[in-house]
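Okay, structure first, notes after.
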Amino acid sequence: MNMTVGDAFNRRKKLAADLQSWINRLKLAGAERRTYRTAALDGDGAYRPAPGTEKTTTRSYTVQECRERIAAVLAEDERLALRISRTNQRARAEIEDLDGTVRELSIPELLVLKDDVIPKLEAAARAVPLRADDVGVVDSGPDWIRYRTVKRVERKRESFSDKGLKVEEVVLEGYDVVEVTDYGLQRRAQWDEIDRIGEFAQRVKQAVNRANKTELIELDEG
């Protein structure tokens, strides 16, 4: 039966689960146990189980059976891994790059884009500083705006009235002014860039799926 790269990956997942099952069985195959409680270690009743206390565990597989199955699983998995590796170098799929260039890439190259390059592109796009909204712009240029924030600086002054009553008065000492020259991008520009990268990620994913439909080659080919 012919097998694609995708089929081979699924088969290797099944083999990994089978391997763990047989390793667990191997751990249990080394001994059988009988446990019980006894009233004496000497004499006629020595090591005689008390009623209702005896339990036994028996192994379902021998050590040799488990080791043979493990060896068979490992051999199949190794062969599949080698076939996948060789096929991956030959399998190709077309992908339209971010700049509109159409390229034909191998599966390893597509996976580098999917797992390494695209996450970094997204992180860089999200790190772009955004221009402040709802501020009073006092000056601007082609790629910047300038605005200021003003904070009143007040202090309380205490005094006493003619009648000896304590009086609090708020005195304005001035204003703290912060002027900001903002070079951030418009929020819409960031959203558009993130969307563009997301569409590219989807194209890469589809290309990987197409490449994974390539028929697995045999190790003795070419």
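If I filter segment 91-106 for residues that are touching a Phe, Trp or Tyr at 6+ places or on another chain (Cβ under 9 Å), more than 30 Å from R187 (Cα to Cα) and at pLDDT 90 or above, do I get at least one hit? Walk me through how you get there before you give the answer.
In the first step, residues of segment 91-106 are kept if they are touching a Phe, Trp or Tyr at 6+ places or on another chain (Cβ under 9 Å); the result is 95-98.
After this cut, where a residue has to be more than 30 Å from R187 (Cα to Cα) as well, the list is none.
No, segment 91-106 contains no residue that is touching a Phe, Trp or Tyr at 6+ places or on another chain (Cβ under 9 Å), more than 30 Å from R187 (Cα to Cα) and at pLDDT 90 or above.
In the list V150, V177, V170, which residue meets the criterion of being in contact with a Phe, Trp or Tyr (Cβ under 9 Å, 6 or more places away or on another chain) and part of a strand (DSSP E or B)?
V150
Given the condition in contact (Cβ under 8 Å) with a residue 24 or more places away in the chain and farther than 30 Å from L80 by Cβ, answer yes or no: does some residue in segment 161-176 qualify?
Kept after step one, since they are in contact (Cβ under 8 Å) with a residue 24 or more places away in the chain, are these residues of segment 161-176: 175-176.
Filter again for farther than 30 Å from L80 by Cβ, leaving 175-176.
Yes: segment 161-176 contains one or more residues that are in contact (Cβ under 8 Å) with a residue 24 or more places away in the chain and farther than 30 Å from L80 by Cβ.
Take residues that are over 28 Å from the mean Cα position of the chain (by Cα), farther than 30 Å from A207 by Cα and basic (K, R) and tell me which of the strands (runs of 3 or more DSSP E) falling wholly in segment 35-113 contain 2 or more.
Those strands (runs of 3 or more DSSP E) do not exist here; none qualify.
Taking A124 as meeting all but one of (1) without any contact (Cβ under 8 Å) to a residue 60 or more places away in the chain; (2) surrounded by 12 or more Cβ atoms within 10 Å (Cβ to Cβ); (3) small (G, A, S); (4) not in a loop (DSSP other than H, G, I, E, B), write down the number of the exception.
(2)
The values are calculated or read from the model by the stated rules, or taken from the named source; none is laboratory data. These figures come from a predicted structure and were not determined experimentally. Please note: Cβ atoms are built from the backbone with ideal geometry, for glycine as well, and neighbour counts cover all protein chains shown.
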